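Okay, structure first, notes after.
The values are calculated or read from the model by the stated rules, or taken from the named source; none is laboratory data. Worth saying up front: this structure is predicted, and the values here are computed from it rather than measured. We place every Cβ from the backbone using ideal geometry, glycine too, and count neighbours over all the protein chains shown. Note: accessible area is taken over every heavy atom of the protein model, side chains too, but ligands, DNA and RNA are not part of it. Shrake-Rupley method; radii C 1.70, N 1.55, O 1.52, S 1.80 Å.
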Amino acid sequence: MANQKNGTLLTVENLSVRYKTRAGWVSAIDNVSLEIRRGEVLGLVGESGCGKSTLGKALLRMLPPSSRILGHLWFDGQDLMQLSDSEMRRIRGKRISMVFQDPMTSLNPVQRVGDHIVETIQTHEPKVSKEEALERAGELFDRLGISRSRLKDYPHQLSGGMRQRVMIAIALALKADLIIADEATTSLDVIVEAQIIELLKELRDEFNLTILLITHNIGLVAELADRILVMYAGQMAELSDVYSVFKEPLHPYTQGLLNAVPNIELDDTEELYIMEGTTPDLIEPPPGCRFHPRCPYAMPVCSQLEPHFQPARPEHYVHCWLHEEIPAEFRQEVSA
Amino acid sequence: MATAERAIDQRPQWQRELDQVGLLRRFLMARRWYGADWWFAVLSGILLLFIFSLAIFPGLYAPYNPRAEVGPALLAPGELPPTFVLVTQEGSGVASLQDLAGEERIRIGIVRGSPAASALRDAEGRINEELREANAGVSLRLRNERYDTIDEALAGLAAGEVAVVVGLSSEIEPLLEQYPGLAMSDESITGQATRSFVLGTNQLGQDVLSRIIWGTRIALLIGFSAAVFALAIGVPLGLIAGFWSGPIERVLTLIMDSLYSFPGLILAIAITSVLGPGMFNVVIAIATLYVPTYYRIVRGQTISVKEELYVEAAESLGAKPLSILTQYIFPNVIPSVVVIFSVNVADAILTEAGLSFIGLGLPPDTPDWGIDLALGQRMLRQAWWLVTFPGLMIVIVTLGFSMLGESLSEILNPRLTEN
């Protein structure tokens, strides 16, 4: 278990995703490199439109045909980018599976929920009989707290929380190595959300799951994740373990993000922190650091040169000039 | 979660069972669940079964041969045919037309332009046939003497100008008192029982009821096969075009849209006039007409269903494109196809009627609703029953199909069974 924890499951190397639109190429993800370790929960947070979901889908190569993906995705010794479509289909669901945002629409309305699981199992393990697959689905349902009798229900007969449990059951059906949870609890109400989070926590420990948790809910990340990756405008802003990020966020954007979380104890005099500006246009992103137009600590260098994504402390990576040595010519400008 | 589980388990027992049983049992149990829809489905099902039995065994239901001239022309439903009687001089010994056989040049008085002439001609032919079969060696030869009114004819008979007068008993009876020397026969000269026809007769004296019953077969055959052909071509094309968009889709859509832009009947006329008349060609022509309808609906639905999250979810689980098409897209597209199908069957019957009407469809003596409608339409003022009953049959069949289609889709579509 211990050495499993340390192993790297997926290495993302210089991943860039561009979409072709009428206005030009949108760089939705720019040069992202990271490692997902076996058995960890990596929280991926950021504003809407920062490329979180695109990154999740890019890992499964499920982007629309109008997009271009560059870079490498090393998964278990092979580069997913080099696989053919049918080889990629064998990875999807079996090795990497995805839980979608909206459980209300992510199940086929004319298929019984049990058949969803049976189909997933049989797609990847054609030798398994329907009865066996159904039995496995029943076991999963037992584990996830859904009564077995619901296997024969249609999706509309289930509540949102139950559907999300079914989605999780499908993702677990083949014991996928990596589960990408794309805003998996966003559309649920808080009580059901808490139940699902609790369930995910249990499952993580029980099955030693590796989860990429894509969300804009900082609280969810704090609760579940081991490490946290903050993205801004298609780039990585900060990557570290949860404790150091929450204790001492280094990137100004992360600081803003944490301040923007509503606090239940907020009194009338205090106002909710609102970050200035909006996410930049990704067709022509700002030069230098993409965050500089909104950054309260912006320096001349920020609009000129892009900082490197490098460790400011051990295991704490940040993409900001505040934590990197500024090149000589800019330093002189500042002092002068 | 436990609360939600309990809440749903509060559904009555029979409703929970409903999900666990087979299709037939489910259908039977469903009447408590679906209420009025269930009765709709059952009633229309029974109606359609009856219509199908008409189409399969028309001989069992039809009282007459649909092509035979079994009665006088244009007899209203339930109306008794007119009785033509013989009027003779009392004591002449002539009681029926048979008695006149063998005599030379018998002069018979009739009213000019009255239906008596044709009744007489029929009777003459029939009696001569009987005499020939009996080898009697004699025949009946009649010579008509035409009068302007029945009164004049009777006066002529009284004066000895003619031997017999043939006329409607209802007209003769009140006049008979003025001519004491004349006697009227009791029997009709046609020799047939004076029967009426339930739905009347047409211009040719064919039984409308029998024609309608035999027409069911043709109507269903053409309506069904045309709609099935159109569905079998249009639905796969629509699925393919919607799923794999590209140049093929563009070309297909262009072709289908240009077909669709033609007025339906004109396109059918063009196709049948190239292919020639005949049942199969009519089916081809009508099917061509409906292919674009299926194509457009299915393509549009496919494009929208393709974007649904559950399709993306299936992709993320490694489902192959073909299984996405057959298991995710097709079942979600099919309800709208069923509705179009039921409408198309009815529409095809009408189009076939239109084609037969202008002579490009079936041979004119075919017992067919369309032909009957076309023929009856010319006589609309005199004979309302000629168009009413074939029209009613088309309405009933259409209604049956669309009622069954709609209510079945309500009952069998799991999405609509909510609550």
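Taking segment B:171-278 as the region of interest, the helices (runs of 4 or more DSSP H) fully inside it that hold 3 or more residues being crowded, with 22+ Cβ neighbours inside 10 Å are B:208-243. Restricting attention to segment A:84-99, the residues being under 19 Å from the mean Cα position of the chain (by Cα) and more than 8 Å from every other protein chain (Cβ to nearest Cβ) number 3. Scanning segment A:137-186 for residues that are among the polar types (S, T, N, Q) and closer than 30 Å to A:Met88 by Cα yields A:Gln164, A:Thr185, A:Thr186.
On inspection, A:Ser97 qualifies as surrounded by 19 or more Cβ atoms within 10 Å (Cβ to Cβ) and not hydrophobic (A, V, I, L, M, F, W, C). Taking the criterion of being touching a helix residue (DSSP H, G or I) at 6+ places or on another chain (Cβ under 7 Å) and of a type outside the set (A, V, I, L, M, F, W, C), the residues of segment B:95-109 that qualify are B:Gln98, B:Gly109.
The residue of segment A:162-190 that is farthest from A:Ile36 (Cα to Cα), among those that are over 20 Å from the mean Cα position of the chain (by Cα) and at the interface with chain B (Cβ under 9 Å from one of its Cβ atoms), is A:Met162.
Could we say that B:Val70 is more than 30 Å from B:Thr366 (Cα to Cα), aliphatic (A, V, I, L, M) and touching a strand residue (DSSP E or B) at 6+ places or on another chain (Cβ under 8 Å) here? Can you show your working first?
Values: more than 30 Å from B:Thr366 (Cα to Cα): no; aliphatic (A, V, I, L, M): yes; touching a strand residue (DSSP E or B) at 6+ places or on another chain (Cβ under 8 Å): yes.
Answer is no for this residue.
Give A:Asp115, A:Asp142, A:Asp102, A:Asp76 a once-over and let me know the one that is more than 14 Å from every other protein chain (Cβ to nearest Cβ) and either under 19 Å from A:Leu209 (Cα atoms) or open to solvent by 10 Å² or more (accessible area, probe 1.4 Å) (or both). The match here is A:Asp76.
Could you look through segment A:118-139, keep only residues that are assigned to a loop (DSSP other than H, G, I, E, B) and open to solvent by less than 60 Å² (accessible area, probe 1.4 Å), and pick out the one that is farthest from A:Leu174 (Cα to Cα)? So, considering only residues that are assigned to a loop (DSSP other than H, G, I, E, B) and open to solvent by less than 60 Å² (accessible area, probe 1.4 Å), the one farthest from A:Leu174 (Cα to Cα) is A:Ser129. Between A:Gln122, A:Gln111, the distinction of being of a type in the set (S, T, N, Q) and closer than 29 Å to A:Asp189 by Cα belongs to A:Gln111 only. Residues that are among the basic types (Lys, Arg) and modelled with pLDDT under 75 within segment B:168-219 comprise just one, B:Arg195. Of the helices (runs of 4 or more DSSP H) entirely within segment A:159-257, those holding at least 3 residues that are crowded, with 19+ Cβ neighbours inside 10 Å occupy A:160-173, A:190-207, A:218-224. Give the residue that is least open to solvent (accessible area, probe 1.4 Å), with candidates limited to residues of segment B:302-357 that are more than 9 Å from chain A (Cβ to nearest Cβ), of a type in the set (D, E, K, R) and part of a helix (DSSP H, G or I). Once the filter is applied, the top-ranked residue is B:Glu352.
For segment B:128-170, what are the residues that are among the acidic types (Asp, Glu) and either within 17 Å of B:Val111 (Cα to Cα) or part of a strand (DSSP E or B) (or both)? Before the answer, list the steps.
Looking only at segment B:128-170, we keep the residues that are among the acidic types (Asp, Glu), and these are B:129-130, B:133, B:145, B:148, B:151-152, B:161.
Residues satisfying the conditions are B:Glu145, B:Asp148, B:Asp151, B:Glu152, B:Glu161.
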